[in-house]
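Written below as structure tokens is the structure these notes are about.
What follows draws every value from the coordinates through simple rules; no lab data is involved. Just so we're clear, the structure is a prediction, and the values are computed from it rather than from any experiment. Every residue, glycine among them, receives a Cβ derived from its backbone with ideal geometry; neighbour counts consider all protein chains shown.
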Amino acid sequence: MILSPYKQYFSHLSSSQLCRSRNVFKVENSGDAYLVVAGVPEPQPDHAVRMTKFAQECLSKFNTLTREMEKQLGPETGDLKMRIGLSSGPIIGGVLLGGDSKFHIFGATVNIAIRMETMGEPDRIHLSEKTADLLLEAGKKKWVQARKEKILVKGVGEIQTYFITQRKSAQTDSTNHNKLEKSSDAASFCSDLS
């Protein structure tokens, strides 16, 4: 019963105007994981910005769906959270033939993106250093916050990673001691991302 709305959510993402509006491409979803790329097949210099905006919108839509489900299924449904991982770099892609021929992507960039998701935090967008660098180069310094501790990534070693800055109400960010306002609304976030 719970899976049906989430399948509907993932189905909505793959065919939605959201993917088209951000010019991103859904590669696959497996279980509760959803893989999307930007800059394929045509390179997009602003792919990190596109993916960050797409990720925030997905997070906002997921949280809206969870709140709606909470009314039907009870307050524990509100405990459901989404983690998002982003990485930038070269990939290898192609169609694998067989009973279920479809496009797949491979490579270190994909593996690091998966690690960003699995080692991330609920309701956060976790970034590789390469993606954070691209956002900084695009003038988006206010979006990027260094993770306090480095993480150990299998096959890569210890690396510094980053989160997209969360906006919090009347809480002090321990990194820069600035008070931030709360906003879970994607439109508000995306307007901040300009």
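Taking every pair of distinct Cα atoms and averaging 1/r, then inverting, what Kirkwood hydrodynamic radius in Å comes out for region 6-159? After inverting the pairwise mean of 1/r, the radius is 16.6 Å.
Beyond 19 Å in Cα-Cα separation lie the following of the pairs LYS130/LYS150; LYS26/LYS142; LYS61/LYS102; LYS61/LYS141; LYS61/LYS142: LYS26/LYS142; LYS61/LYS102; LYS61/LYS141; LYS61/LYS142.
The value of relative contact order for region 83-145, using C-alpha pairs under 8 Å at least six residues apart, is 40 percent. Across region 24-113, the relative contact order, built from alpha-carbon pairs under 8 Å that are at least six residues apart, equals 19 percent. For the pair LYS81 and LYS26, label points projected 7 Å from Cα toward Cβ lie 2.5 nm apart.
If each residue of separation counts as 0.36 nm, what is the full-extension length gain between GLU137 and GLU70 once their alpha-carbon separation is subtracted?
Computed gain between GLU137 and GLU70 is 20.1 nm.
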